[in-house]
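The structure is given below, and queries will be raised subsequently.
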Amino acid sequence: MSGKDTFKILDKIFKQKNKQDIKDIKGYTMKYGHIINNNEIIDEVLVSYFKAPKSYTTEDMCEINSHGGNIVVKKILELCLKNGAELAEPGEFTKRAFLNGRIDLLQAESVIDVINAKSEREMQTGIKQLEGFLSKEIGDIKQEILDVMVNIEVAIDYPEYDVDDVTNNQILNMLDSVENKLIKLEKSFDNGKIIKEGIKTAIIGRPNAGKSSLLNAILKEDRAIVTEIEGTTRDTIEEFVNINGVPLKLIDTAGIRTAKDEVEKIGIEKSREIANTSDLVIAIFDSSKELSEEDLEILKIVKNKKSIILLNKTDLQPILDENNEKFKELESKVIKISALNNTGLEELYKEISNLFNLNQINLDNDLIITNVRHKNLICKAINNIKEVRETINNKMPLDIIAIFIKNILEDLGNITGEVVDENIINEIFAKFCLGK
Ligand code: GDP
């Protein structure tokens, strides 16, 4: 529970073993006792006390630790409600932390990211945002703008001082510097998206090339953390696999793994479709056979995509190798594997890392945008910078220029939530689960 009546309500339902007055109970302590309804014991519990403002929401808070189980928890919840508590909305605790000013909107959003993180990297970026690194960067950029705004305001208020030229130069320098920083953040979104959503990867190849064997080999890796995600099209599922910090979202065509004996036939058209919606295409060929017509079609699909060629079944007598002229026409790396014996996978992962510059993402020093809302606002700010430049070029008066500069400040303020619309706030917190 959180809010000013927390301890009043708690007092009605919690019988401490060694009764202490709430005045004498320090924050960050736990008390042992029973949850009671009239005189009936509901459960033996531990209650944690948090006193305002030192709590998650900055309000008085308590947490009741019961034995769990549906009935007991439901009964305790009912008791709280009966005695004056209200059921929290999704994300309400974090929302209160935001509305009470303990964290900004950006940090609140990173709470969801941390909870939903599917990979360690994603969790780390979330934690970094929660710690306020991105907020600080945005704050610093805003300060840079505000420093110049002060001079502009002076020039507007005291037109008798002729400061116009100086201010224009100052403004332009500031715009350049701010724009550079924002562009850097905007660019980080490509990596942020990968960290958050995984590299959307399609494995294509003719029947029997070894697609399902490869998929199985990847999924079976001890280090693979697999999360099933419903696919975008009805007949595919996507699986999030995190291998050596490489987040892959594998597009799996339904039935591939379940109906192993019936060879799933995915036509060339379908393969092309899947490849088109992917960030990466892994094309797999049977190296114990000559390239077939179908293989040549597959190679055509690969041509304009970020791709990797796998020569599978290298445990058998080789017929195809990387020197085949058809492969040489492509820019893709050719890697020999045996999906059956699990060889060559390390090289595959290394190439994926290389293709997406994953090794260059430095989590300690680089700030990474992972949220589309933030990215859009940064783009808007960059556009508004261009507008300011234009007003200056058009020799607009300072007070007009000032209005356009304020637009940039507003975009940035929207990211951290200082000036954000209530509807947007509600939308953001609706994505939370209950009790967070
Ligand atoms: P898909 O139709 O592309 O999904 O191909 P499968 O993964 O079902 O593989 C077709 C056949 O090739 C199966 O009998 C596999 O056991 C076999 N196979 C797959 N990979 C290898 C490999 O690396 N070496 C050998 N010798 N056989 C393989």
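The values are calculated or read from the model by the stated rules, or taken from the named source; none is laboratory data. Computed from a predicted model, the values in this text were never measured in an experiment. Note that each Cβ is placed from the backbone with ideal geometry, even for glycine, and that neighbours are counted across all protein chains shown. Note: accessible area is taken over every heavy atom of the protein model, side chains too, but ligands, DNA and RNA are not part of it. Shrake-Rupley method; radii C 1.70, N 1.55, O 1.52, S 1.80 Å.
Does Leu409 meet the test of being over 30 Å from Glu322 (Cα atoms) and open to solvent by less than 80 Å² (accessible area, probe 1.4 Å)?
Yes.
Follow-up question, since we're still on this one. Identify, please: which residue in the range 190-203 is open to solvent by 30 Å² or more (accessible area, probe 1.4 Å) and assigned to a helix (DSSP H, G or I) and is, among those, farthest from Val246 (Cα to Cα)?
Asp190
Give the residue that is most open to solvent (accessible area, probe 1.4 Å), with candidates limited to residues of the range 204-221 that are within 28 Å of the chain's Cα centre (by Cα) and near the ligand (Cβ under 8 Å from one of its atoms).
Restricting to residues being within 28 Å of the chain's Cα centre (by Cα) and near the ligand (Cβ under 8 Å from one of its atoms), the top hit is Asn216.
Still on this structure, I have one more. Enumerate the pairs (first residue in the range 267-284 and over 16 Å from Lys249 (Cα atoms); second residue anywhere and of a type in the set (D, E, K, R) and within 13 Å of the ligand (Cβ to nearest atom)) with beta-carbon separation below 7 Å, excluding pairs fewer than 6 apart on the same chain, so at least 6 apart or on different chains.
Ile268/Glu294; Ile284/Lys211
Out of everything in the range 257-269 that is open to solvent by 50 Å² or more (accessible area, probe 1.4 Å) and of a type outside the set (S, T, N, Q), what residue ends up being modelled with the highest pLDDT?
Out of the qualifying residues, it is Glu269.
I would also like to ask the following. Can you find a residue that is in a loop (DSSP other than H, G, I, E, B) and at positive phi anywhere in the range 4-20?
No, because not a single residue in the range 4-20 is in a loop (DSSP other than H, G, I, E, B) and at positive phi.
Any chance the range 356-365 includes a residue that's modelled with pLDDT under 95, under 16 Å from Ala202 (Cβ atoms) and more than 12 Å from the ligand (Cβ to nearest atom)?
Within the range 356-365, one or more residues are modelled with pLDDT under 95, under 16 Å from Ala202 (Cβ atoms) and more than 12 Å from the ligand (Cβ to nearest atom).
Within the range 319-337, work out how many residues are within 16 Å of the ligand (Cβ to nearest atom), open to solvent by less than 70 Å² (accessible area, probe 1.4 Å) and within 39 Å of the chain's Cα centre (by Cα).
Going through the range 319-337 one residue at a time, the tally reaches 3.
Yes/no per residue for (1) farther than 25 Å from Val246 by Cβ; (2) open to solvent by less than 90 Å² (accessible area, probe 1.4 Å); (3) out of contact with any helix residue (DSSP H, G or I) (no Cβ under 7 Å at 6 or more places or on another chain); (4) of a type in the set (Asp, Glu):
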| residue | (1), (2), (3), (4) |
| --- | --- |
| Thr277 | no, yes, yes, no |
| Ile282 | no, yes, yes, no |
| Phe285 | no, yes, no, no |
| Glu290 | yes, no, yes, yes |
| Glu293 | yes, no, yes, yes |
| Val302 | no, yes, yes, no |
| Ile308 | no, yes, no, no |
| Gln317 | yes, no, yes, no |
| Ala339 | no, yes, no, no |
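Condition test on Ile25, is it open to solvent by 50 Å² or more (accessible area, probe 1.4 Å), out of contact with any Ser or Thr (no Cβ under 6 Å at 6 or more places or on another chain), without any contact (Cβ under 8 Å) to a residue 40 or more places away in the chain and more than 30 Å from Ser135 (Cα to Cα)?
no
Is it true that some residue in the range 43-51 is in contact (Cβ under 8 Å) with a residue 24 or more places away in the chain, more than 20 Å from Val111 (Cβ to Cβ) and open to solvent by 40 Å² or more (accessible area, probe 1.4 Å)?
yes
Filter the range 303-315 for residues that are more than 11 Å from the ligand (Cβ to nearest atom) and touching a residue at least 40 places away in the same chain (Cβ under 8 Å); which is nearest to Gly198 (Cα to Cα)?
For the range 303-315, the residue satisfying everything is Lys306.
Any chance you could count how many residues in the range 83-142 are open to solvent by 60 Å² or more (accessible area, probe 1.4 Å) and outside any loop (DSSP other than H, G, I, E, B)?
11
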